[in-house]
1. For Thr32, indicate whether it is closer than 22 Å to Arg93 by Cβ and of a type in the set (Val, Ile, Thr).
2. Look at segment 58-86 and say how many of its residues are outside any strand (DSSP E or B) and modelled with pLDDT of 95 or more.
3. Might you let me know whether segment 168-180 holds any residue that is free of Cβ contacts under 8 Å to residues at least 12 places away in the same chain, within 19 Å of the chain's Cα centre (by Cα) and not in a loop (DSSP other than H, G, I, E, B)?
4. Taking Thr116, is it modelled with pLDDT of 85 or more, surrounded by fewer than 17 Cβ atoms within 10 Å (Cβ to Cβ) and in contact with a Ser or Thr (Cβ under 7 Å, 6 or more places away or on another chain)?
5. Would you mind finding the one in Val33, Val95, Val88 that is in contact (Cβ under 8 Å) with a residue 40 or more places away in the chain and among the aliphatic types (A, V, I, L, M)?
6. Among the listed residues Ala99, Ala108, identify the single one that is more than 29 Å from Val134 (Cα to Cα), buried (at least 17 other Cβ atoms within 10 Å of the Cβ), modelled with pLDDT of 95 or more and among the small types (Gly, Ala, Ser).
7. For the list (1) open to solvent by less than 20 Å² (accessible area, probe 1.4 Å); (2) in contact (Cβ under 8 Å) with a residue 24 or more places away in the chain, I need the number of the one condition that Gly126 fails.
8. Criterion first (in contact with a Pro (Cβ under 8 Å, 6 or more places away or on another chain) and in contact (Cβ under 8 Å) with a residue 24 or more places away in the chain) does His57 satisfy it?
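The values are calculated or read from the model by the stated rules, or taken from the named source; none is laboratory data. None of these values were measured; they are calculated from a predicted model. Because the Cβ atoms are built from the backbone with ideal geometry, glycine has one as well, and the counts that use them run over all protein chains shown. In case anyone asks, the SASA skips ligands and DNA or RNA and just uses the protein heavy atoms, side chains included. Shrake-Rupley method; radii C 1.70, N 1.55, O 1.52, S 1.80 Å.
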Amino acid sequence: VDAVAGLAGNAVLDVGCGGGLLSEAMAGRGATVTGIDMSADSLAIARLHLIESSPLHVDYLETTAEDLAMQAPHAFNIVTCMELLEHVPDPQRLVHACAGLLAPGGSALFSTINRTPMAFATAIVGAEYLTRLVPRGTHRYEQLIRPSELDAWGRHAGLRLESLRGGTYNPASRTFKLTDDTTVNYFAHFRAPGPGHSEGAGS
């Protein structure tokens with residue numbers, strides 16, 4: 001979220017919010033946050049954590065981005081979609097839904113995993129089989145997404161790619177940092193056309 005100019009006062013949607021850690025963090029920085037997920041169990045955990053540990057407010061909803069885009073089009077200044085695209089059956093459709101949820105000039109932030117041999121070795125073999133940071137079978141190599149594919153989906157939805165950054169996590173120190181290496185994990189910041197812009201989807 002550092003890619004956008006501050007969170008305070010913005011309406012933010014966290015797609016695939018899970019247990020709500022990112023949603024809470026953004027609410028703590030002054031955003032009006034809605035978190036959506038299809039897992040009722042994850043949402044129950046998010047709501048409980050919010051009640052027990054924070055005075056903040058987050059509106060958690062059991063719905064999809066596609067459904068919400070029909071109910072509340074262009075309702076959010078910022079949409080985040082972290083580590084979800086590589087798990088859904090139609091990631092391009094999800095990108096389009098996120099675009100439809102953005103207000104004019106709004107920002108969409110995606111994080112996912114590149115489809116490269118290094119990503120296979122690191123995110124699948126290393127994380128799932130060697131270090132067991134995540135359960136086996138969490139990722140399928142053929143579902144990983146190249147930045148060029150995500151960029152094409154964004155452009156088809158009328159979005160413009162603003163920046164692309166890599167990211168690395170050190171399990172020993174439990175620290176994460178942004179890098180210029182997008183070989184494995186990467187973050188993409190897209191922006192919707194501003195008010196009065198005539199550019200349409202697919203251009």
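1. Working: closer than 22 Å to Arg93 by Cβ: no; of a type in the set (Val, Ile, Thr): yes.
So Thr32 does not fit the description; no.
2. Of segment 58-86, the ones outside any strand (DSSP E or B) are 63-75, 83-86.
Remaining after also requiring modelled with pLDDT of 95 or more: 63-75, 84-86.
Within segment 58-86, residues that are outside any strand (DSSP E or B) and modelled with pLDDT of 95 or more number 16.
3. Going residue by residue through segment 168-180, those that are free of Cβ contacts under 8 Å to residues at least 12 places away in the same chain are 170, 172-177.
Within this subset, residues satisfying the condition of being within 19 Å of the chain's Cα centre (by Cα) are 176-177.
Cutting the leftovers down to not in a loop (DSSP other than H, G, I, E, B) gives us 176-177.
Yes, the conditions are met somewhere in segment 168-180.
4. Working: modelled with pLDDT of 85 or more: yes; surrounded by fewer than 17 Cβ atoms within 10 Å (Cβ to Cβ): yes; in contact with a Ser or Thr (Cβ under 7 Å, 6 or more places away or on another chain): yes.
Yes: the conditions hold for Thr116.
5. On the way: Val33 fails: in contact (Cβ under 8 Å) with a residue 40 or more places away in the chain; Val88 fails: in contact (Cβ under 8 Å) with a residue 40 or more places away in the chain.
After applying the criteria, what remains is Val95.
6. Details: Ala108 fails: more than 29 Å from Val134 (Cα to Cα).
The unique qualifying residue is Ala99.
7. Here Gly126 clears every test but (2).
8. Spelling it out, it is not the case that His57 is in contact with a Pro (Cβ under 8 Å, 6 or more places away or on another chain) and in contact (Cβ under 8 Å) with a residue 24 or more places away in the chain.
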